[in-house]
Amino acid sequence: MSTRRTPRPHRPALAALAAAALLAGCSGGDGGAGGAGDPAPSADRGSAVSAERCALNEAAGTITYVTGYQFQSSVSILDPVAAEDLGYFDALCLDVEIQPGTGETAQNAQLVAAGTAQVSSIAGASDVLVNVANGVDVTAVALFGHVPVATLMTGPEVSDLTQLEGATLGHKGALPVTIEAMLRSAGVDVAAVEQVQVGYDPTVLARGQVQALTGYKSNEPLTLREMGEDVTEWNPEDHGVPGSIAATIVNPGFLDEHPTAVQDFLRAQLRAYAHCEEDAAECVALAAERSQVGYDTEHNQRVWETETRLVADSRPAGQPLGTIDPATVRAEADFLLEMGQVDAVPDVDALVDEDVVASLYEDGQLVWPAP
């Protein structure tokens, strides 16, 4: 079922804050999050925000943030965790409660739409679009990577994807739409590929139980190579398939009522992102402290380094980190329609608010302290 929402009216308060940001001081590098090399904020609450803005942020109450999947060191998981533990949220007078997600993007979207959570990570723009098309009311305010995170793994004996016809392909419950599009683009008769649901153990590929396996660029291929396995990755973007990594969604009512809190949540997250780029080990250790016994810090550091590299390599020139561009989201929407994942293209202008991230930067650099 598809739905079309009426675009929200212009928010005078948000526009005014964006203009005020241009008058504030800023820090950081060209086009990035900035501020990574600056000292951590003072432990004093409100040290990076005016008293007036502090009061506005405190009026928002507790902001519940749901991660995409547990405390895995992925983009839009590790950075908010670090923002909390490094004191960046507190410096902006934000009370943030971070809850681990299960990996079910629909569940995260529903929690945000219901107001049970105010902010959440979600896999990418396509996941936002599918949820909105199914009647879930959320607003996307940030997007980090502009490339599909899904990959298809095979052994080195596969030199052409058409060789998978008659072979067995394992997935986690459904064939990712970007992988299906890649197979079609490569001339594969998808109906001739035997698809089976497998668990989260990628060694099924190494053991020959499947001849192809779907996964994430930042996870399963790393695990297999750490085991010494020779893996070939087949990536959708090499076949012109659009995709994205790490979208941030918010409850639209919360955004309307507390725009400074949403702005400053992302401000702290972006500052933490830059810090974690410089000191991944420290940030991963913070995530490990929140996790259950058995957290693989070395693997998770590689997860973070892989995903931040994907983000950096795919970011459009001159576009600040976290920018969500309605045009690129619309391209993904058109792709989903073509692939039959939605009945109609959702109203992108209604579900995307690009002004939030735009208000955080001056000349491509993150504004810190907050205006």
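The values are calculated or read from the model by the stated rules, or taken from the named source; none is laboratory data. All values derive from a computational prediction rather than experimental measurement. With ideal geometry, Cβ positions are generated from the backbone for all residues, glycine too; neighbour counts draw on all protein chains shown.
Structure summary
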{"item": "Residue check for residue 203: within 30 Å of residue 57 (Cβ to Cβ) and free of Cβ contacts under 8 Å to residues at least 60 places away in the same chain", "result": "no"}
{"item": "Enumerated strands (runs of 3 or more DSSP E) restricted to segment 211-284, each holding at least 2 residues that are surrounded by 20 or more Cβ atoms within 10 Å (Cβ to Cβ)", "result": "212-216, 245-250"}
{"item": "Residue list for segment 161-193, restricted to those being of a type in the set (D, E, K, R) and over 31 Å from the mean Cα position of the chain (by Cα)", "result": "165, 189"}
{"item": "Tabulated pairs, segment 185-199, first farther than 15 Å from residue 209 by Cβ, second of a type in the set (Lys, Arg), C-beta under 7 angstrom, 6+ apart or interchain", "result": "190/184"}
{"item": "Count of segment 289-307 residues which are surrounded by fewer than 18 Cβ atoms within 10 Å (Cβ to Cβ) and part of a helix (DSSP H, G or I)", "result": "6"}
{"item": "Close pairs from segment 78-92: first under 13 Å from residue 369 (Cβ atoms) and in the same structural domain as residue 55 (by TED's automatic domain parsing), partner among the aromatic types (Phe, Trp, Tyr) and crowded, with 24+ Cβ neighbours inside 10 Å, Cβ under 7 Å, at least 6 apart", "result": "none"}
{"item": "Positions within segment 84-125 being crowded, with 24+ Cβ neighbours inside 10 Å, at pLDDT 95 or above and β-branched (Val, Ile, Thr), in sequence order", "result": "112, 119"}
{"item": "Single unsatisfied condition, residue 128 versus (1) surrounded by 24 or more Cβ atoms within 10 Å (Cβ to Cβ); (2) farther than 30 Å from residue 263 by Cα", "result": "(2)"}
{"item": "Any hit, segment 221-230, residues being assigned by TED's automatic domain parsing to the domain that holds residue 167, farther than 11 Å from residue 150 by Cβ and β-branched (Val, Ile, Thr)", "result": "yes"}
{"item": "Residue match in segment 185-200 (condition: surrounded by fewer than 19 Cβ atoms within 10 Å (Cβ to Cβ) and closer than 26 Å to residue 120 by Cα)", "result": "yes"}
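Residues are listed down the side, and each one gets a yes or a no for (1) outside any loop (DSSP other than H, G, I, E, B); (2) at pLDDT below 95; (3) in contact with a Lys or Arg (Cβ under 9 Å, 6 or more places away or on another chain); (4) of a type in the set (Val, Ile, Thr):
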site	(1), (2), (3), (4)
20	yes, yes, no, no
26	no, yes, no, no
33	no, yes, yes, no
37	no, yes, no, no
48	no, no, yes, no
54	yes, no, yes, no
